[in-house]
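Working notes, structure below.
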2 protein chains.
Amino acid sequence: MIEYRNLRIALLGAGSVGSQVAALLLEHGDELAQRVGAGLELVGVAVRDPEKHRDSGIPFELFTTDAESLIVGADIVVEVMGGLSPARELITLAMTSGADVVTANKALLATHGPELFELAEQLGAQLYYEASVAAAIPIIRPLRESLAGDRIERIYGIVNGSTNYILDRMDADDLAAEDAQQIALELGYLEADPTLDVEGYDAAQKAAILASLAFHTTVPLEAVHREGITNVTHEQVRSAREAGFVVKLLAVCERLVDPTSGEEGVSVRVHPALVPRTHPLGAVHGGNNAVFLEAAAAGPLMFYGAGAGGIQTASAVLGDVVSAARRHVLGGPGVAESTHANLPVLPIAHVVTRYQVTLRVIDEPGVLAHVAGVFSRHDVSVETVQQSPFSGGTEPGSATATLVIVTHTATEAALTATVAELTASDAVTEVASVLRVEGI
Amino acid sequence: MIEYRNLRIALLGAGSVGSQVAALLLEHGDELAQRVGAGLELVGVAVRDPEKHRDSGIPFELFTTDAESLIVGADIVVEVMGGLSPARELITLAMTSGADVVTANKALLATHGPELFELAEQLGAQLYYEASVAAAIPIIRPLRESLAGDRIERIYGIVNGSTNYILDRMDADDLAAEDAQQIALELGYLEADPTLDVEGYDAAQKAAILASLAFHTTVPLEAVHREGITNVTHEQVRSAREAGFVVKLLAVCERLVDPTSGEEGVSVRVHPALVPRTHPLGAVHGGNNAVFLEAAAAGPLMFYGAGAGGIQTASAVLGDVVSAARRHVLGGPGVAESTHANLPVLPIAHVVTRYQVTLRVIDEPGVLAHVAGVFSRHDVSVETVQQSPFSGGTEPGSATATLVIVTHTATEAALTATVAELTASDAVTEVASVLRVEGI
């Protein structure tokens, strides 16, 4: 038996993820030691109130309220407490004390990532964060290493399990939005305050992390265009289904050419979108996550799995702990974040995509030609039009029809101008729905 | 601009993968240099006959027939020539000369992997092989690093694109096996000698590589149970579809308890299997590959993408080149292969799975009870039975029926004994099909 020096692991937080990390470290310590070539010793767990964790199965003497003392002297600090502060200060302390850091904190990275990565590089410390996006699905390491010789063109991510669960129930069981949301809440897919999920904040944080990594560019959270699912209607989901689509909340990160300067930039956006049912993302059901990406050489790739859950997230944290531990045993400064490309982040107006526009129009000769003319005036080319009599709430005497129009690719700016003119038109009684169409 | 020391890359082979590796290195050298922190200089390409590569776009002066001289003095040797010899000798030379090696050679690794990994460990060299399984899909690195803190329970891989293409065409277009195979040949999905693909040899090599890595155990190629797709019939595919399944050639790697010793072992097998259409693997169409796995903490994960192709494979090779190059720049001996678990590889007889058995039986009272009795005598529990009149080629006067039986999990040994007794039974005119059912 080889004599190992034990590596000292400090754990910050013992919530649903932290308690699982502790359990895995304690239960599988021997096997992990063999993989690493060193023992992994959990030296303490910093929490606010140890009493609350008496029955957690973690030896009670490991708990401490003194995170600072725990951190100083640790080889690897695992931050799974969440929130911006004191997580930011504690991670900074850990790196300055010579420890490597493993974090699952997407909010912190999306907000203060650049500063933390810069500090890590200055100090020669490592900051691992596989668990911050899509829980157990390996996506950070594949982007950072496996695809390091390739060029990522675009990422479509379903990176929020709660909203995917809601949209999937609306689609599969023909549920109204509020009913699906209520079920998600009861089954624990949603927090009591669902804002972070349903308004797309959580997905936007993950999008910022993915885009920064994929494009070697710092993408600030504020630069991520964000729309949640609160405006997605039962009717939209049903009509999408009839047209062979499914509504998903997508995080889209892509390279884009700035039309004014002609220079390359990137665009990062989170919004509901129509995806063809036959697309691999169309088969991502329930609370699962998936990251679909297109690379210049590799072509399309998809990474699929559970996007949340304490033990799933703990798996990703442990993978990072093993990486950090191997670095301690085998030496070498590991991988630094790279923002060498430093591309501009372009506004949503420059995004080029397809749209599905649903209009209620008065049912008279010439209306279709008029509507088509509006699209054409704004250089938005129409791919398909489907007209049907409108079944809902018409007043007597005012026959209306529904037009479902799918466009070819157009800029967001052109589409917005088109919709504005349609809204003002007497022939159009309502612009009932505008959804981006992705993945065709 | 930072002054870089150029890293010297030697390329062995300039076929469909090698020529793309060279092109990517030559075209994207500057960008790769920024990611690595050092220039990547292609110093030579060893081929048998340089003349054949005059129009390859690779500068002609880079070609050489003297692989040995090229290797000595290189920092990173990329072996994409394929075959066992001289690839094995050249990789050995490369590592003894102090270079790291990147290879896409699955046959070599499945055959001589343990010896090569041992040599690498002795020498402190690195042997990268992401491209050897499933082309551009990152699977080696996720298994080796992302899931290093987890426990892989089972892998289901669709790791051969040619056979997946054939089976997918049989399923989607209701084609006979020979027609689908002919189309695959015409479209370049199959080699002129399709044996390696259709007999499952290629998938078995990849299964050995995946299982060795996932279970920290040396799995020799000879220990992989292998059945190809040559016995899969049009009728089986159609009947699977009607029952909600799809036939896939699966590489199954799993932990298993040896029933005689009670000790843990592993089982690795390649064979056609029924997979539920709703399973994520059921949506892997055409020539694509996917690796679906179940980990104790992470739960189910799937990695999906193109499983073949020169440029796709080159993407994986380049990712490994960047990893190797970073190691040269940043130091550290990287990751060694780990076979510490050293589990026994168990024979197929111990495998426990479900089966679909299709029987033609004489249509008389008592036959169903008799058949059920045979299953029961061998402790094979029946989950569903579907009986229908047999439409095909009965002689007059001998009415037959078709029984499609899906079992609960049973050992291969028990099922084999059951099938033997059914075959010998007067009530059974034919055991028309026996297929394993996976992924329920």
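The numbers here are math on the coordinates, done by the rules we state, and not lab data. All figures in this text were calculated on a predicted structure; none of them were measured in a lab. No Cβ is skipped: glycine too gets one built from the backbone with ideal geometry, and neighbour counts run over all protein chains shown.
Counting only DSSP H runs of at least 4 residues, each contributing -39500 (n - 2.57), and dividing by the residue count of chain B, the helix-based mean residue ellipticity at 222 nm comes to -10500 deg cm²/dmol. For the stretch B:1-126, the relative contact order is 25 percent, taking Cα pairs closer than 8 Å that sit 6 or more residues apart in sequence and dividing their mean separation by the residue count. Across chain B, the relative contact order, built from alpha-carbon pairs under 8 Å that are at least six residues apart, equals 16 percent.
Computed from label points 7 Å out along Cα-Cβ, the spacing between B:Arg277 and B:Glu178 is 2.8 nm.
Label zone (B:His340, point 7 Å along Cα-to-C-beta; backbone nitrogen cut-off 18 Å) within the stretch B:109-130: B:118, B:121-122.
The P(r) of the stretch B:351-437 has a tail past 22 Å containing 19 percent of all C-alpha pairs. A convex hull fitted to the Cα coordinates of the stretch A:233-327 yields 172 cubic angstrom per residue. Dividing the radius of gyration of the alpha carbons in chain A by their Kirkwood radius gives 1.05 for Rg/Rh.
With 25 Å as the limit, write out which pairs from A:Lys248/B:Lys206; B:Lys206/B:Lys248; A:Lys206/B:Lys106; B:Lys106/B:Lys248 have Cα-Cα distances beyond it, or answer none. Over 25 Å apart, Cα to Cα: A:Lys248/B:Lys206; A:Lys206/B:Lys106.
Volume per residue for the stretch B:41-173 equals 166 cubic angstrom (convex hull of Cα atoms).
Using the Karplus relation 6.51 cos²θ - 1.76 cosθ + 1.60 with θ = phi - 60°, the per-residue 3J(HN,Hα) values for the stretch B:236-248 come to 5, 5, 5, 5, 4, 4, 4, 8, x, 10, 9, 8, 10 Hz, with x marking Gly and Pro. Averaged over the residues of B:303-309, the number of partner chain Cβ atoms lying within 10 Å of the residue Cβ comes to 5.
Proximity of backbone amide H atoms, modeled 1.01 Å from N, is registered between A:Phe245 and A:Arg277 at under 5 Å, excluding neighbours fewer than 5 places apart on the same chain.
Shielding by partners for peptide A:114-122, expressed as the average number of C-beta atoms from other protein chains within 10 Å of each residue's C-beta, is 0. The separation of the stretch A:238-302 from the stretch A:43-99, counted between C-alpha centres, amounts to 38 Å. Mean-square fluctuations from a GNM of chain A, with a 10 angstrom spring cutoff on Cα atoms, peak among A:Asp55, A:Asp197, A:Asp171 at A:Asp55. Once the Cα atoms are used to define both axes, helix B:161-172 deviates from the longest principal axis of chain B by about 40 degrees. Between copies, B:Gln386 shows label-point distances of 3.0 nm, shortest first, with the point placed 7 angstrom from Cα along Cα to C-beta. Per-residue packing, averaged as other Cβ atoms within 10 Å, sorts the ranges B:57-66, B:155-164 into the order B:155-164, B:57-66, beginning with the highest. Put a dot 7 Å past the Cα of A:Ala399, heading toward its Cβ, do the same for B:Phe60, and the two dots end up 7.6 nm apart. Working from label points 7 Å from Cα in the Cα-to-Cβ sense, the B:Glu115 to A:Ile362 distance is 8.6 nm. Take each residue of peptide B:313-325, count the partner chain Cβ atoms within 10 Å of its Cβ, and average: the result is 5. Of the Cα atoms belonging to the stretch B:182-227, the radius of gyration and Dmax stand at 13.3, 40 Å. Across the options A:Leu167, A:Ala104, A:Met81, the greatest Cα extent toward the positive end of the charge dipole of chain A (unit charges at beta carbon of Lys, Arg, Asp, Glu) belongs to A:Ala104.
The convex hull around the C-alpha trace of the stretch B:140-306, projected and averaged over every direction, spans 10.2 square nanometres. For the stretch B:49-74, list residues with backbone N below 20 Å from a point placed 7 Å from the Cα of B:Ser85 toward its Cβ? Only B:49, B:66-69 pass the distance filter. When the P(r) of the protein assembly as shown is calculated, the portion above 49 Å amounts to 25% of the C-alpha pairs. Our summary gives the stretch A:351-437 a relative contact order of 51 percent, counting only alpha carbon pairs under 8 angstrom and 6 or more residues apart. Net charge dipole, the stretch A:289-440: roughly 680 debye, given to the nearest 20, about the Cα centre with Cβ charges of +1 for Lys and Arg and -1 for Asp and Glu.
Sorted shortest first, the distances from the A:Glu264 label point to those of the same residue in the other copies are 4.6 nm; each point sits 7 Å from Cα along Cα-to-Cβ. Springs between Cα atoms under 10 Å define the GNM used for chain B, and in it the highest mean-square fluctuation of B:Leu190, B:Leu25, B:Leu301 occurs at B:Leu301. In nanometres and ascending order, the distances from the A:Gly83 label point to those of the other copies are 6.5 (point 7 Å from Cα along Cα→Cβ). Each residue of the stretch B:58-68 was assigned a 3J(HN,Hα) from its phi angle through the Karplus expression (A = 6.51, B = -1.76, C = 1.60, θ = phi - 60°), giving 7, x, 4, 5, 6, 6, 8, 9, 9, 4, 4 Hz with x at Gly and Pro.
Place +1 on the Cβ of every Lys and Arg and -1 on the Cβ of every Asp and Glu in the stretch B:140-306, take the dipole about the Cα centre, and give the residue among B:Leu221, B:Asn231, B:Leu281 whose Cα lies farthest towards its positive end. With unit charges placed on the Cβ atoms, the residue in question is B:Leu281.
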